[in-house]
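Engineer: Dropping a structure here in structure tokens format, bear with me for questions.
The values are calculated or read from the model by the stated rules, or taken from the named source; none is laboratory data. Since this is a predicted model, take the numbers as computed values, not measurements. Reconstructed Cβ throughout: ideal geometry from the backbone, glycine too, with neighbour counts over all protein chains shown.
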Amino acid sequence: MTLRARLALVTAAVAALVVVTGVVVARTVARAELLDQIDESLVQRAADLSRAELGSLGLGGSRPVAEPGPDDPFGRGLRGFDALYLQAITADGVTVAPSDQTLELPVTDDDLAIATGEGRGAVRTVQTEAGPMRLLTAHVSNGAIQVARSMDEFDRTMRGITVRLLVVGLGGVIAAGLLGLWVTRRALRPVDELTRTVEHVTATKDLDTAIAVDRTDEVGRLAAGFNQMMHSLRRSRTEQEQLVRDAGHELRTPLTALRTNVEMLARTDGHMTEDRQRLIDAATREIEELSTLVSELVTLASDPDVGAEPMTPVDLEDISSEVVARFGRRTEHRIVLDSRPSMVNGRAAALERAISNLVDNAVKWSPPEATVRVSVGDGMVAVSDAGPGIRDEDKARVFDRFYRSVEARTTPGSGLGLAIVAKVVEQHGGTVFVGDAAEGGATVGFRLPC
């Protein structure tokens, strides 16, 4: 999940928490207000009834009320929420209800205590045959009067309020999430630019890239720090390249002079003894090895991406064919190429150097007139030799710089050839591998994205 999505999710979660809290508080307040209104109406009716004697209220048939009018104090002429249910409780505990009322209200010990004058009036919610009701028991001169009102309208009102609050709250959460996504997108736009710049530098090694700094907040400071870091890297790389070029030049000059002197010594007139010839040949080989080492060190220490050709589609089959043809002209080994077209995105010169190092390594380890096999296809180049193979404990280190196995320490080489292969392949986003060849030698190669 992206940082932008996480921030939007956190914003929506906070908004949801606030909305839920608001819904709960609003519902609680609305419920309390509605109950207060119901209780107030019950208290008012009970106050009107408490001024009369129980016998004059017409309860229990003493005053038939067949069709009460809308002005009837009992309110039985009204319907729904405004309909009242009455019941009298004598001091002896006898309950009396209007003759046209079939519902009997519940009576508790507290209600009986109120009828005898020992308790105080109270309002509560009760369950009756007609559903939940709000019930008030109040003391009158010779007993108590109970006034009840249905809670159906109250429940419907509360359900409507709850639904509306939930709809508004859900809309608020969605709006908060969208707003948070918009705000985080604008706030993280400089971070996105920094990320794209870093990815560009990683892919192209272009250290000349910079980010425009037009703000002084934390993101602006991050961009400024990135630009300063890129400047330091450019300067460090320039100094490194200059050092490598200077060192290579300073090393090649005496090596060239030494080689020239040895060659002149070999052509000098006079008797050439066998020991003298052997020493001259050994010195020549050592000079060649040292020259190769210097060249490979310069190649390995330099960044091949700097000033190099751009990444373009190249065919590994064509490059491998050129390398095999070149080695076939200058070695007595038989080199067999088994290939098919394999297009990759890369730098032809660097890949040619990597394949050349693989073939040169295989030729070095194969006996004279042995066969070296080169396989190319699907972005893979594998070179198999006919040598003694590579021990399992050495396979993990053959691509390390200057690493040479026990067997390789007596053979010519600098230990940098396969390290250069690994570096080129890494810069192309590929992987190197080493294994056993079918004919008993070793198979070394690499894979690149097609």
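Engineer: Determine which member of the set Ser321, Ser236 is assigned by TED's automatic domain parsing to the domain that holds Arg340, within 30 Å of Leu448 (Cα to Cα), at pLDDT 70 or above and part of a helix (DSSP H, G or I). Break it down into steps so the answer makes sense when it comes.
Structural biologist: On the way: Ser236 fails: assigned by TED's automatic domain parsing to the domain that holds Arg340.
Answer to the selection: Ser321.
Engineer: Another question about this same structure. Among Val173, Val147, Val168, which is the only one that is at pLDDT below 85, of a type in the set (A, V, I, L, M) and either on the phi < 0 side of the Ramachandran plot or assigned to a helix (DSSP H, G or I) (or both)? Break it down stepwise before answering.
Structural biologist: Numbers: Val147 fails: at pLDDT below 85; Val168 fails: at pLDDT below 85.
Going through Val173, Val147, Val168 in turn, the sole match is Val173.
Engineer: Does the stretch 190-204 hold any residues that are β-branched (Val, Ile, Thr) and surrounded by 14 or more Cβ atoms within 10 Å (Cβ to Cβ), and which are they?
Structural biologist: Of everything in the stretch 190-204, those that are β-branched (Val, Ile, Thr) and surrounded by 14 or more Cβ atoms within 10 Å (Cβ to Cβ) turn out to be Val191, Thr197, Val198, Val201.
Engineer: Please verify whether the stretch 177-196 includes one or more residues that are in a helix (DSSP H, G or I), more than 18 Å from Thr2 (Cβ to Cβ) and among the hydrophobic types (A, V, I, L, M, F, W, C). Before you say what the answer is, go through the steps one by one.
Structural biologist: First, the residues of the stretch 177-196 that are in a helix (DSSP H, G or I): 177-187, 189-196.
Next, from what is left, pick out any that are more than 18 Å from Thr2 (Cβ to Cβ): none.
No, the stretch 177-196 contains no residue that is in a helix (DSSP H, G or I), more than 18 Å from Thr2 (Cβ to Cβ) and among the hydrophobic types (A, V, I, L, M, F, W, C).
Engineer: Which one is nearest to Val314 (Cα to Cα), of the residues in the stretch 344-371 that are touching a residue at least 40 places away in the same chain (Cβ under 8 Å) and among the hydrophobic types (A, V, I, L, M, F, W, C)?
Structural biologist: Val344
Engineer: Within the stretch 138-150, is there a residue that is among the charged types (D, E, K, R) and over 22 Å from the mean Cα position of the chain (by Cα)? Steps first, answer last, please.
Structural biologist: Narrowing the stretch 138-150 to residues among the charged types (D, E, K, R): 149.
Retained after the next criterion (residues that are over 22 Å from the mean Cα position of the chain (by Cα)): 149.
Yes, some residue in the stretch 138-150 is among the charged types (D, E, K, R) and over 22 Å from the mean Cα position of the chain (by Cα).
Engineer: I would also like to ask the following. Would you pick out the residues in the stretch 256-265 that are at pLDDT 70 or above and either surrounded by 11 or more Cβ atoms within 10 Å (Cβ to Cβ) or not small (Gly, Ala, Ser) (or both)?
Structural biologist: The first filter runs over the stretch 256-265 and keeps only residues at pLDDT 70 or above, leaving 256-264.
Passing the criteria: Thr256, Leu258, Arg259, Thr260, Asn261, Val262, Glu263, Met264.
Engineer: If Leu207 satisfies all but one of (1) part of a helix (DSSP H, G or I); (2) surrounded by 16 or more Cβ atoms within 10 Å (Cβ to Cβ); (3) not charged (D, E, K, R), what's the number of the condition it fails?
Structural biologist: (1)
Engineer: Quickly run through the stretch 6-46 and pick out the residues that are in contact (Cβ under 8 Å) with a residue 24 or more places away in the chain and loosely packed, with under 14 Cβ neighbours inside 10 Å.
Structural biologist: Once the filter is applied, which keeps residues that are in contact (Cβ under 8 Å) with a residue 24 or more places away in the chain and loosely packed, with under 14 Cβ neighbours inside 10 Å, the stretch 6-46 yields Val10, Val14.
Engineer: Do you know which residues across the stretch 210-233 are outside any helix (DSSP H, G or I) and among the polar types (S, T, N, Q)?
Structural biologist: Pass one, the stretch 210-233, residues outside any helix (DSSP H, G or I): 210-217.
Of everything in the stretch 210-233, just one residue is outside any helix (DSSP H, G or I) and among the polar types (S, T, N, Q), namely Thr216.
Engineer: Within the stretch 359-368, take every residue that is part of a helix (DSSP H, G or I) and touching a strand residue (DSSP E or B) at 6+ places or on another chain (Cβ under 8 Å) and give me the one that is surrounded by the most Cβ atoms within 10 Å (Cβ to Cβ). Break it down into steps so the answer makes sense when it comes.
Structural biologist: Within the stretch 359-368, the subset part of a helix (DSSP H, G or I) is 359-365.
Restricting the remaining residues to those that are touching a strand residue (DSSP E or B) at 6+ places or on another chain (Cβ under 8 Å) gives 359, 361-363, 365.
Values: Val359: 25, Asn361: 22, Ala362: 27, Val363: 19, Trp365: 22.
Among those residues, the one meeting the criterion is Ala362.
Engineer: Same structure again: Within the stretch 166-224, count every residue that is under 30 Å from Val20 (Cα atoms) and among the hydrophobic types (A, V, I, L, M, F, W, C). Spell out how you get there, then give the answer.
Structural biologist: Residues of the stretch 166-224 under 30 Å from Val20 (Cα atoms): 166-188.
Within this subset, residues satisfying the condition of being among the hydrophobic types (A, V, I, L, M, F, W, C) are 166-168, 170, 173-176, 178-179, 181-183, 187-188.
Residues meeting the conditions: 15.
Engineer: While we're looking at this one, here's another question. Can you name the condition, by its number, that Leu207 falls short on among (1) hydrophobic (A, V, I, L, M, F, W, C); (2) in contact with a Gly (Cβ under 9 Å, 6 or more places away or on another chain); (3) at pLDDT 75 or above?
Structural biologist: (2)
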